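Single-structure report; data block below.
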Amino acid sequence: MRAVALILLPLLLQGCVSWLQREPGPPTLASLQARPRTVQAEPVVAPPPGQVMAGYQVLLQQPAPPELTWEATRRLADLQLEQGEERLGDASAGNASAQDFASAIALYRRLLERDGAFAGRDRLLYQLARAEALAGRPARSQQALDQLVREHPNSPYLQEAQFRRGEWLFAQADYAGAEHAYAAAVAAGEASPFHQRSLFKLGWALFKQQHFEAALDAFTRLLDRRADALERFDSDALARGERELLQDTLRVVSLSFIQLGGAAGIDHYFRQNGGRGWLHRVYRSLGDLYLKQQRILDAAGAYLAFVRQHPSHPQAPGLQLLAIDNFTKHGFPSQALAAKQELAERYRLNGPAWRELDPSSRAELTPHLRRHLRDLAAHYHALVQQKGRVSKAQRDAWFELAVAWYRHYLARFPGEAESGAVNFLLAELLFERGAFN
């Protein structure tokens, strides 16, 4: 062990010793003719961690300057913490990890009890908090983090420390305290991965306090930062963890908007705070949540709310079709009929919404328009032909609608294979009504 200690000693004294070199003499003929010799350096094999720790323990038993003792103690504590983490969950190690954590904690506390003459106390507190948490003492870990943020407001560990504090406070249902900790972590900067995680949990802490608009402010900031990922939301290329974060964020955003009036709440919030390119995701998420709650009319209303405000958006036709499908599937025929009619009128050929729709969206929508136009015409044709006591005015109105939808279809899809059959149905209807002209 003493040999290992001697190996470690220079590492602790890096930068403290300089090597003296002789000034080179004038070149000689022999030196000019000599070939340089290449010396192959032997690879240095690092001793195992157990030997390294034993070496530090030997060093600590020897008289040494305070700074050397301090550094050796710190390194020994770090190694014991690292060893404890490696043993954690290893059944064959028994209780060894707990002993490692206890030893590391004792060493960190011993260093912190000194007068603070040495730099790096914030790191000691950070490591102590980690060790206490791994040892299963979260309250003591929290105390170390509290001390870190109180005494070292400019520490590079501050952001993570505030996030960890927020997690502890949130778990204790101290949502106001968690809010302040997460907000401090957010304010510490955007470069760290803890920034976006803190934004997410800040939103949740505010939501738990029923501060729904403030929660939405935090979630909106997060979604703004992940706008590129939202564009790839339906792609398999999006990493699982990122997809789950976005799904969870959109879900709690939807829960917040349910408290603020549903789709009308979305309309109001984004009128006040500006539109977003990912806004369709919010309406879709709200509709999907309503659907899971079996609130079919509210679900379709959320989908249609986006369509009515942004009819030329590439996602608008799909949301309208989703509303129609849910009306049909869940037994709302009159609402399905109205939504089909709204679709056909909104995307009328040469209408503003159709003209502004991108070519790929037009191509995707066209077969659905073809089908729904036929459905509309067939529906009113069937009403005209139904038996029973119906006023002449009502039957005439149905007739006019059936004719209008047949003609709409023929004007939109002239010369297609199905157009002949549609034209025949129109002629049959006109004949039945005696409209020979």
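No value in this document is a laboratory result; all are computed from the given coordinates. Only a predicted model underlies this, so the values are computations on that prediction, with no experimental measurement involved. Every residue, glycine among them, receives a Cβ derived from its backbone with ideal geometry; neighbour counts consider all protein chains shown.
Overview of results
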item: For the stretch 174-260, alpha-carbon Rg over 2.2 N^0.38 Å; result: 1.07
item: Inter-centroid distance (Cα atoms) of the stretch 167-197 relative to the stretch 370-412, Å; result: 60
item: Total formal charge among the other residues, if their Cβ is under 14 angstrom from that of Thr73, Lys/Arg +1 and Asp/Glu -1; result: +3
item: Cα pair distances in the stretch 358-437, grouped into 10 Å bins until the bin that holds the longest one, percent each; result: 18, 46, 25, 10, 2
item: Sparse-neighbourhood loop sites, GluC sites (Glu not before Pro) in the stretch 150-225 - DSSP loop, at most 16 other Cβ within 10 angstrom; result: Glu190
item: Neighbour-limited loop hits for trypsin sites (Lys or Arg not before Pro), the stretch 224-320 (at most 12 other Cβ within 10 Å; DSSP other than H, G, I, E, B); result: none
item: Two-site FRET efficiency, Leu260 against Glu67, from Cβ-Cβ distance with R₀ of 51 Å, rounded to 0.05; result: 0.30
item: Residues Leu145, Leu426, Leu260, sorted so that the one with the fewest Cβ neighbours within 10 Å comes first; result: Leu260, Leu426, Leu145
item: Sparsely packed trypsin sites (Lys or Arg not before Pro) within the stretch 356-420, loop by DSSP, other Cβ within 10 Å at most 15; result: Lys387, Arg389
item: Whole-number D in µm²/s for the stretch 109-266 (Stokes-Einstein; Kirkwood sum over Cα pairs; 25 °C, 0.890 mPa s); result: 145
item: Coordinate range along principal axes, alpha carbons of the stretch 257-372, Å, largest first; result: 39, 35, 18
item: Cα convex hull volume per residue for the stretch 156-195 (Å³); result: 46
item: Ranked Val186, Val384, criterion: other C-beta atoms within 10 Å, fewest first; result: Val384, Val186
